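Input: a single structure, listed below in structure tokens.
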Amino acid sequence: MPELPQMQALSERLGTVLTGAVLEGIEPLGFSALKTVTPAPESLLGHPVLGVSRRAKYLVLDFGEPGRLLLHLSQAGRLYLEDPPKRTRAKGSVVRLRFAGAPAVLVREYGTERKAAWWVLAPGDDGPLERLGPEPASDEFAELVLRGDDRRRVHTLLRDQRTVSGVGRGYADDALWRAQLSPYASLASLDDEARARLLDAVRAVLRDGLERERGRTGGLSQPKLGEHFEVHARSGTPCPRCEETLRRVSYESHEVTYCPNCQTGGKVLADRRMSRLVK
Ligand SMILES: [Zn+2]
């Protein structure tokens with residue numbers, strides 16, 4: 001799933017090719033992917049893109065007076081830059097935006113749930129952005145980590161977009177590993193030193209991820225994004241810090257990867273999927 005670093009770098013690449021380009025066509029290709037009724041998407045036609053930015057995991061194309069267009073790739077949405085633009089309707093197509101003198105943008109969906117979506121918002125309407133928590137780089141997030149009394153597990157609250165926006169399961173795993181904290185640790189249970197370590201770790205994994213993502217070119221088009229996580233999705237391989245074998249805990253929708261030596265004082269956490277397989 002694309003997280004803050006992928007989406008930030010993608011917004012920068014889109015800004016480079018689309019800023020100043022006039023929108024001349026919108027092809028809604030996917031069923032129910034457009035989440036707004038008014039303003040009509042056509043109201044953006046004939047207007048230039050003033051800039052492309054990112055908020056949380058949303059891409060924001062700003063058209064100024066007629067409003068903004070938001071794109072969210074969700075779990076398995078991908079974005080293609082088509083130069084020259086195509087007329088085809090590939091499987092899983094969500095929407096195609098055509099611009100004068102710039103590549104077209106095609107969003108495609110490779111997943112089956114929590115699908116990629118788009119919104120057209122009038123000026124002043126924040127739509128889905130309204131419910132989002134602060135960005136990880138903000139003072140508000142620092143305050144929450146250093147002094148908050150949230151009793152949920154850190155892994156859970158990092159992935160909750162209403163608490164902090166832009167972090168998903170990949171960077172949550174890597175941040176906890178970097179901070180040497182258990183994936184089961186609750187924020188309220190952490191002392192000042194651990195909280196400071198956690199804040200640094202979250203920001204550092206996102207910063208490193210962004211630096212790597214800025215080396216990518218074009219859209220965000222490979223079904224496998226080829227992220228270079230330190231521990232996420234690497235259970236069974238050696239911990240990059242201590243060489244102990246990384247373990248995982250599996251949930252319905254995701255799995256958590258951790259190092260028992262670096263993060264849980266040698267304790268291997270129960271994994272329901274593993275025990276089911278053993279039976
Ligand atoms: Zn380790």
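All of the numbers you see were taken from the coordinates with simple rules; none came from a lab. For clarity, every value in this text was computed on a predicted model and none was experimentally measured. Neighbour counts are summed over all protein chains in view; Cβ atoms, including those assigned to glycine, are modelled from backbone coordinates with ideal geometry.
Results, tabulated for the structure shown:
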read-out	value
Charge context of A122, other residues only, Cβ under 15 angstrom, K/R +1, D/E -1	-4
H232, H72 arranged by Cβ crowding within 10 Å, fewest neighbours leading	H72, H232
Gyration tensor (Cα) of the chain, equivalent ellipsoid semi-axes in angstrom	37, 20, 16
Hull-based mean projected area of segment 40-160, where the convex hull spans the alpha carbons, in square nanometres	9.5 nm²
The chain - charge dipole about Cα centre, Lys and Arg +1 at Cβ, Asp and Glu -1, debye rounded to 20	1180 debye
Greater than 22 Å apart at Cα, pairs in K57/K224; K57/K267; K35/K86	K57/K267; K35/K86
Cα-centre dipole for segment 94-198 with unit charges at Cβ (Lys and Arg positive, Asp and Glu negative), debye to 20	600 debye
Extreme residue, positive dipole direction of segment 87-175, given options G92, G148, A117 (C-beta unit charges)	G92
Taking F99, F229 and counting other C-beta atoms within 10 Å, the order from fewest to most	F229, F99
Kyte-Doolittle mean at least 1.6 and Cα axial length at least 30 Å: DSSP H helices in the chain	none
Tail weight of P(r) past 18 Å, computed on alpha-carbon pairs of segment 110-185, percent	51 percent
Percent of C-alpha pairs per 5 Å bin, segment 19-69, short to long	4, 19, 28, 27, 19, 3
Average silhouette area of segment 155-230, convex hull of alpha-carbon atoms, in square nanometres	5.6 nm²
Positive-end residue of S11, S165, L176, charge dipole of the chain with Cβ unit charges	L176
Over the chain: helical MRE at 222 nm, DSSP H runs n ≥ 4 each giving -39500 (n - 2.57), nearest 500	-8000 deg cm²/dmol
Dipole of the chain [Lys/Arg +1, Asp/Glu -1 at C-beta], most positive-end residue of A102, C262, A40	C262
